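These notes are about the structure you will find just below.
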Amino acid sequence: MEFTLETWKKEHIPSVAKYADNEKIAGRLRDSFPYPYTEDDAEWFVQDCMEKEGITQLARAIIVNGEAVGSITVMLNDDVYCKSAELGYWLGEPFWRKGIMTKAVQLMCEEAFRRYKLVRIYAEPFSTNLASRGVLEKAGFELEGIKRKSIFKNGCIQDSYLYAVIHV
């Protein structure tokens, strides 16, 4: 499926609110991603992405047919971790399993490595998020380890998987 990655704009707020309001998405992400997901949540998120762009993160809207249907962000680390960054993403359910996120991950990592001279980009999906783990593996990330009992989400304790891609 065709998509583009665009810098965040206020015009994206309504479609973010539309596609992010999904319990299946929120259940696979950190608690800072709310459910229900309101227009106010979308406004805060888009504004935050715009303010931090190029300073502490590289963030893009995933655009399909003119709508922001997802997000992908590379969050820069600092201090002794300044050559590493964390990858985070979500995609609206109607666009799952269409190859969008794997390609978006590859494009964002290429840009982040080039722009920030990073050595390592990592992601930490929940053990139960098989789709996200598959995206990372298809995008060239390698499993570095399992963080046992590291997540508490929706009343359950679960493992997280640490994936990384190295660029030297």
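The values are calculated or read from the model by the stated rules, or taken from the named source; none is laboratory data. Since the model is a prediction, treat every value here as computed from it, not as a measurement. Cβ: placed from backbone, ideal geometry, glycine included. Neighbour counts: every protein chain shown.
From the list Ala123, Ala131, the one residue that fits, being under 14 Å from Ala85 (Cα atoms) and of a type in the set (Gly, Ala, Ser), is Ala123.
Yes/no per residue for (1) touching a residue at least 24 places away in the same chain (Cβ under 8 Å); (2) of a type in the set (D, E, K, R):
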site: Gly88; (1), (2): yes, no
site: Ala104; (1), (2): yes, no
site: Met108; (1), (2): yes, no
site: Lys117; (1), (2): yes, yes
site: Glu144; (1), (2): no, yes
site: Ile157; (1), (2): no, no
site: Ser160; (1), (2): yes, no
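Against the test of being touching a residue at least 60 places away in the same chain (Cβ under 8 Å) and among the hydrophobic types (A, V, I, L, M, F, W, C), the options Ile25, Ile13, Ile55 yield a single qualifying residue, Ile25.
With the structure loaded, tell me whether Ala123 is surrounded by 19 or more Cβ atoms within 10 Å (Cβ to Cβ) and either over 25 Å from Lys24 (Cα atoms) or in contact with a Leu (Cβ under 8 Å, 6 or more places away or on another chain) (or both) or whether it fails that test. Even if it seems obvious, please write down each step before you answer.
On the way: surrounded by 19 or more Cβ atoms within 10 Å (Cβ to Cβ): yes; either over 25 Å from Lys24 (Cα atoms) or in contact with a Leu (Cβ under 8 Å, 6 or more places away or on another chain) (or both): yes.
Here the answer is yes, as Ala123 does meet what is asked.
Annotation note: of Ile55, Ile13, Ile25, the sole residue that is among the hydrophobic types (A, V, I, L, M, F, W, C), outside any loop (DSSP other than H, G, I, E, B) and touching a Leu at 6+ places or on another chain (Cβ under 9 Å) is Ile25. Taking the stretch 84-105, which residues are surrounded by 15 or more Cβ atoms within 10 Å (Cβ to Cβ) and either of a type in the set (Asp, Glu) or assigned to a loop (DSSP other than H, G, I, E, B) (or both)? Once the filter is applied, which keeps residues that are surrounded by 15 or more Cβ atoms within 10 Å (Cβ to Cβ) and either of a type in the set (Asp, Glu) or assigned to a loop (DSSP other than H, G, I, E, B) (or both), the stretch 84-105 yields Glu86, Gly92. Would you call Tyr161 under 13 Å from the mean Cα position of the chain (by Cα) and of a type in the set (Phe, Trp, Tyr)? No, not satisfied. Suppose we filter Val80, Val46, Val64 for residues that are crowded, with 22+ Cβ neighbours inside 10 Å and β-branched (Val, Ile, Thr); which single one remains? Answer to the selection: Val46.
Selection of first residues in the stretch 30-52 that are at pLDDT 95 or above and of second residues that are surrounded by fewer than 15 Cβ atoms within 10 Å (Cβ to Cβ) and part of a helix (DSSP H, G or I), restricted to Cβ pairs under 6 Å at least 6 apart or on distinct chains, gives the following pairs, ordered by first then second residue: Tyr35/Glu23.
Which residue out of Ser71, Ser15 is buried (at least 18 other Cβ atoms within 10 Å of the Cβ), among the hydroxyl-bearing types (Ser, Thr, Tyr) and more than 23 Å from Ala112 (Cβ to Cβ)?
Values: Ser71 fails: more than 23 Å from Ala112 (Cβ to Cβ).
Exactly one residue qualifies, and that residue is Ser15.
Restricting attention to the stretch 126-168, report how many residues are surrounded by fewer than 16 Cβ atoms within 10 Å (Cβ to Cβ) and aromatic (Phe, Trp, Tyr). Counting residues in the stretch 126-168 that are surrounded by fewer than 16 Cβ atoms within 10 Å (Cβ to Cβ) and aromatic (Phe, Trp, Tyr) gives 1. No other residue among Ala164, Ala85 is closer than 26 Å to Glu6 by Cβ and hydrophobic (A, V, I, L, M, F, W, C) apart from Ala85.
Number of residues in the stretch 121-168 that are part of a strand (DSSP E or B), out of contact with any strand residue (DSSP E or B) (no Cβ under 6 Å at 6 or more places or on another chain) and closer than 25 Å to Pro36 by Cβ: the value is 3.
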